[in-house]
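To start, the structure itself, in structure tokens.
The values are calculated or read from the model by the stated rules, or taken from the named source; none is laboratory data. Treat the numbers as computed from the prediction; the structure is a model and nothing was measured. For neighbour counting, all protein chains shown are included, and Cβ atoms are generated from backbone atoms with ideal geometry for every residue, glycine included. These area figures cover heavy atoms from the full protein model, side chains too; ligands, DNA and RNA do not enter into them. Shrake-Rupley method; radii C 1.70, N 1.55, O 1.52, S 1.80 Å.
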Amino acid sequence: MTTLRDLSAMLPAGSYRIAFALYLLLFALLTFNYWGRGEVVAPYRQHAELGMDDTVDAQHRENRKFSDFANGYVPEVQPQVLAQSPGWLPLWTKQNEMGRPLFHLSGFSIAYPPSWIIAHLSANPWRFLTVLSLSIVLLTGLFVLCFCRETGLAPMAGLVAGCTLAFSPFLAYWLTFPMFAAALCWSAMGLWGLARLARKPDLLSWSILAFSAYSLPMTAYPQMVVYHAYLLAGYGLFAWYRQARGDWRGGMRYVLLAVSAAVLGGALALPVYLDVAGEMNDSLRVMPPASFFAVVLPRFATALDAWKFIAFSSVPELLGEPMATTFPHPYNGISLTLPMLFFAVAALFTRLRQHWGWWLAVLSLGLLTFVEPIYLFGVQHLGFNLSRTNPLCCLLLPLAIITAYGVDGLLGLPLAACRSRAVWIAGSAAAAAIGAGWLLSRSAGMPIRPLVLAAMLAMLALLLWQRWSRHPALMLAVTVGSLVVTTAPLMLHQDPGQIVTTSPLAEMIRAELTAGARFAVAAPGLPVLPPNLNASAGLASVHSYNSLSPRRYHALIQSLGGEVLTFGRLNNSIAPDYGGSMFWMSNVGVMLSPAPLEHPNLRLLANQAGIHLYKVQDRMGEAIQLAAVTAEGAREVKLDDPRRLPRLPTAKRLDQTDLMEFDVTPGQPSWLVLSQKYHRDWQAQALVGGSWQAAATTPVNGIFQGVKLAPQATQVRLRFMPHVRHAWIAHAFWLLLLGGLVARRLRGRKI
């Protein structure tokens with residue numbers, strides 16, 4: 001029987017097939033909890049968020065640092081996988097912010113073709129996100145392997161580099177945030193496409209590059225896209241220079257193919273970004289000063305600070321469990337493993353001429369990180385102001401490529417003085433990292449983890465043993481050791497049967513939310529049902545957690561006595577006039593409060609664990625038809641108090657979220673006013689004389705959706721029509737391109 005040692009021995013001279021097989025085997029073992037035990041990626045089980053006592057002991061670690069997963073990502077994915085929409089793509093949600101468009105980036109929407117496939121495999125948002133995250137991680141390593149094969153590196157070099165990047169602490173730590181891994185994944189695919197295009201300018205190379213150019217903006221974290229776009233542009237220029245140096249016609253062809261692929265990929269993502277641009281134009285998001293972004297940069301006031309930085313950037317697991325909430329130092333997953341540190345340093349002494357450009361990328365990111373004026377220049381002029389992001393997180397891809405060159409160099413060097421120097425210096429760097437962690441534990445009184453220390457010393461011994469042996473089994477063994485010691489403990493997973501999706505509190509609220517009513521939380525707020533998470537429980541709320549919340553929503557919250565916090569993205573409580581017209585039009589059916597409330601429009605329902613629930617006695621409902629309304633201009637309707645105006649009978653006949661129909665009363669000019677935030681992409685039609693005619697939509701009181709009705713109108717239809725509905729064009733294009741590639745392959749023709 002062929003052993004793992006035998007397989008690793010075949011890698012230097014063998015094919016990449018064995019490297020791919022070993023990579024898939026390691027990935028399967030590392031992710032066994034998900035596919036073998038049926039667990040899902042999730043940071044916690046939501047008991048506290050839904051107002052329940054946790055009576056079941058958690059099987060796995062929980063960490064509420066990753067609250068965006070439950071508060072933001074699951075609510076966005078849920079309507080996508082449930083497909084409760086009249087069209088192929090869900091577009092609108094009523095659950096938060098008085099209604100708003102759904103989010104179609106980060107891979108959470110079926111507007112992205114691979115996500116459309118995943119959504120057809122499972123209607124569970126947690127499983128959807130699990131498959132999405134793990135698929136991106138899997139592809140990240142595979143693309144690194146493909147790039148290494150394309151550049152002529154040894155199969156073991158590709159295997160170690162692929163594992164080092166895909167199973168890095170950063171990706172394991174942020175497994176609940178798949179957009180981080182997506183930036184590395186599709187950038188690695190882009191590098192593969194650029195390298196293959198230089199060697200073989202065919203349709204397959206062009207397709208690889210085009211799909212990476214499409215997937216990056218569709219799925220990756222925007223700030224990391226900017227960093228990696230510079231990296232890809234730099235590598236593309238380098239590949240073009242090498243191509244044009246000996247064949248200028250070939251260089252021109254390379255440029256045309258690469259640029260056309262990038263442009264087409266970006267163009268196919270354009271429908272989504274047209275909507276994003278519109279939301280940004282309507283939003284009141286505050287642009288912080290440049291100093292706001294510099295907060296993420298490491299600062300060293302004393303030598304101890306620098307010492308801590310070295311220790312926690314290389315061996316944090318030696319000083320505690322980084323995923324635990326009790327970890328004694330701020331940690332964001334930005335740390336190197338011992339194999340990456342060792343092989344990257346060794347690469348400095350093995351064929352540096354072949355990979356000096358990657359060190360230039362490392363140097364550039366280092367300058368951005370440690371020289372604040374350079375970083376602030378990037379914030380102001382180079383597009384680094386999309387979010388606060390530590391530039392060090394973008395070191396991983398260039399360091400993974402450098403790691404591949406280090407492994408390849410050590411495999412090719414004979415057992416001589418130059419190899420000895422490379423191994424001893426690289427081993428000294430790894431030993432220094434372990435020593436820094438040990439000394440820090442002694443000086444700062446942090447308990448060291450003896451089993452982890454023993455495992456690290458064993459890995460160090462395997463690394464140093466390469467001074468006397470070039471056997472690739474040593475490299476494979478230390479890579480596997482790093483997965484066990486560093487990567488596996490960082491991967492959050494929960495039993496889906498223990499994740500709470502409802503509670504007695506939620507059911508009590510649900511019973512009162514009839515006729516499209518919402519709930520609201522009275523100031524100063526409550527820790528239960530945070531904004532957006534309520535959507536995954538099927539409860540509508542006036543609150544929101546949205547980076548691009550529009551001006552109209554800010555105006556509404558201000559009129560309700562609340563404020564939008566965190567640079568214009570969060571509202572979690574209001575202090576309204578319960579008898580006011582704006583509160584009446586907001587259709588709030590239930591109020592939650594940490595303290596007793598006294599008002600004639602409120603009736604106490606229950607007092608549960610310090611949470612007071614009140615039913616709102618008088619509210620507008622989903623929609624009203626008003627007569628005798630005078631519009632001040634064609635684009636705005638101002639109502640002092642709609643409760644004093646004559647109302648006509650109206651009834652909702654259809655509600656598919658993105659498509660609504662109402663029966664209205666004919667006989668005189670009137671306005672249909674919805675208890676829903678106005679949005680420019682809602683289009684209305686009125687049934688007049690048996691035919692559907694366009695009807696004007698307009699804001700009412702600057703906030704609510706209104707439709708102007710002709711006297712003969714008997715029905716009204718509203719349909720949400722954003723640009724993203726054209727995303728089917730990308731689906732059709734990639735399907736046709738894939739079909740063409742497969743057909744040419746089956747015919748034995750050159751792709």
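Overview of values
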item	result
Any hit, region 626-636, residues being touching a residue at least 60 places away in the same chain (Cβ under 8 Å) and open to solvent by less than 30 Å² (accessible area, probe 1.4 Å)	no
Strands (runs of 3 or more DSSP E) lying entirely in region 643-751 (those with 1 or more residues that are of a type in the set (D, E, K, R), under 25 Å from N587 (Cα atoms) and open to solvent by 10 Å² or more (accessible area, probe 1.4 Å))	651-655, 659-663, 704-709, 713-720
Residue that is more than 21 Å from the chain's Cα centre (by Cα) and modelled with pLDDT of 95 or more, where the choices are L24, L11	L24
Subset of region 80-132 [within 19 Å of the chain's Cα centre (by Cα) and free of Cβ contacts under 8 Å to residues at least 12 places away in the same chain]	I117
Candidate set: region 351-383, residues that are of a type in the set (S, T, N, Q) and touching a residue at least 40 places away in the same chain (Cβ under 8 Å); chosen: the one surrounded by the most Cβ atoms within 10 Å (Cβ to Cβ)	T369
Selected residue [modelled with pLDDT of 85 or more, out of contact with any Phe, Trp or Tyr (no Cβ under 6 Å at 6 or more places or on another chain) and surrounded by fewer than 18 Cβ atoms within 10 Å (Cβ to Cβ)] from V295, V272	V295
Tally of residues being more than 25 Å from the chain's Cα centre (by Cα) and surrounded by fewer than 22 Cβ atoms within 10 Å (Cβ to Cβ) across region 521-550	4
Residues (open to solvent by 30 Å² or more (accessible area, probe 1.4 Å) and among the hydrophobic types (A, V, I, L, M, F, W, C)) located in region 494-512	M508, A511
Pairs where the first residue, in region 231-257, is within 25 Å of L184 (Cα to Cα) and the second is outside any helix (DSSP H, G or I), C-beta under 8 Å, 6+ apart	Y254/P201; L257/P201
Condition broken by G152, with the remaining ones in (1) open to solvent by 10 Å² or more (accessible area, probe 1.4 Å); (2) assigned to a helix (DSSP H, G or I); (3) over 30 Å from L513 (Cβ atoms) satisfied	(2)
3 or more residues touching a Lys or Arg at 6+ places or on another chain (Cβ under 6 Å) and under 30 Å from N385 (Cβ atoms): qualifying strands (runs of 3 or more DSSP E) within region 534-636	none
P472, sole failed condition from (1) more than 23 Å from G412 (Cβ to Cβ); (2) crowded, with 22+ Cβ neighbours inside 10 Å; (3) not hydrophobic (A, V, I, L, M, F, W, C)	(1)
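Yes/no per residue for (1) of a type in the set (V, I, T); (2) buried (at least 19 other Cβ atoms within 10 Å of the Cβ); (3) in a helix (DSSP H, G or I):
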residue: V226; (1), (2), (3): yes, yes, yes
residue: L232; (1), (2), (3): no, yes, yes
residue: Y241; (1), (2), (3): no, no, yes
residue: R249; (1), (2), (3): no, no, yes
residue: A262; (1), (2), (3): no, yes, yes
